[in-house]
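The values are calculated or read from the model by the stated rules, or taken from the named source; none is laboratory data. Fair warning: this is a prediction, and the values are worked out from it, not measured in the lab. For neighbour counting, all protein chains shown are included, and Cβ atoms are generated from backbone atoms with ideal geometry for every residue, glycine included.
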Amino acid sequence: MCLGIPMQVVHGDEWSALCLADGSQRRVHMALVGAQDAGTWLLVQQDTAREVLSAAQAREIKQALAGVAAALRGETDLARYFGDLGSAPPRAPGH
């Protein structure tokens, strides 16, 4: 399974950008999303920007990734990491 990581553009052009996530900088390929302004959030997978994110989307994804890391550490109270799920019961996909 591959995961996308929210990263914020520091500077770049239509082909590549220097992006920042949790204090780590990476050069990211921008061909799929085009040039983006500094401060823009991107969903990055394998050093390629796949999608432009809003700040709220980036925050939710980062929180969910922190929840996955917590589960891997053995934590069992994970509700705080997945606030967007709330107390709603699970829904089955449409048939």
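When the stretch 34-55 is examined, which residues are found to be more than 19 Å from residue 2 (Cα to Cα) and either assigned to a loop (DSSP other than H, G, I, E, B) or not hydrophobic (A, V, I, L, M, F, W, C) (or both)?
Across the stretch 34-55, the qualifying residues are 34, 35, 36, 37, 38, 39, 40, 54.
Which one of the conditions (1) within 16 Å of the chain's Cα centre (by Cα); (2) modelled with pLDDT of 95 or more; (3) part of a loop (DSSP other than H, G, I, E, B); (4) not polar (S, T, N, Q) does residue 6 fail to meet, given that it meets all the rest?
Among (1) within 16 Å of the chain's Cα centre (by Cα); (2) modelled with pLDDT of 95 or more; (3) part of a loop (DSSP other than H, G, I, E, B); (4) not polar (S, T, N, Q), residue 6 violates only (3).
Somewhere in the stretch 68-78, is a residue within 16 Å of the chain's Cα centre (by Cα), surrounded by 15 or more Cβ atoms within 10 Å (Cβ to Cβ) and not polar (S, T, N, Q)?
Within the stretch 68-78, none of the residues are within 16 Å of the chain's Cα centre (by Cα), surrounded by 15 or more Cβ atoms within 10 Å (Cβ to Cβ) and not polar (S, T, N, Q).
Determine the pairs where a residue that is over 18 Å from residue 24 (Cα atoms), located within the stretch 44-63, has a partner that is in a helix (DSSP H, G or I) and of a type outside the set (Val, Ile, Thr) with Cβ atoms under 9 Å apart, the partner being 6 or more residues away or on another chain.
Cβ pairs passing all conditions: 51/57.
Filter the stretch 9-35 down to the residues that are more than 11 Å from residue 48 (Cα to Cα) and either in contact with a Pro (Cβ under 7 Å, 6 or more places away or on another chain) or crowded, with 18+ Cβ neighbours inside 10 Å (or both) and list them by number.
Answer for the stretch 9-35, where residues must be more than 11 Å from residue 48 (Cα to Cα) and either in contact with a Pro (Cβ under 7 Å, 6 or more places away or on another chain) or crowded, with 18+ Cβ neighbours inside 10 Å (or both): 9, 12, 21.
Could you list, in sequence order, the residues of the stretch 9-33 that are among the small types (Gly, Ala, Ser), farther than 17 Å from residue 58 by Cβ and assigned to a loop (DSSP other than H, G, I, E, B)?
31 - this is the single residue of the stretch 9-33 that is among the small types (Gly, Ala, Ser), farther than 17 Å from residue 58 by Cβ and assigned to a loop (DSSP other than H, G, I, E, B).
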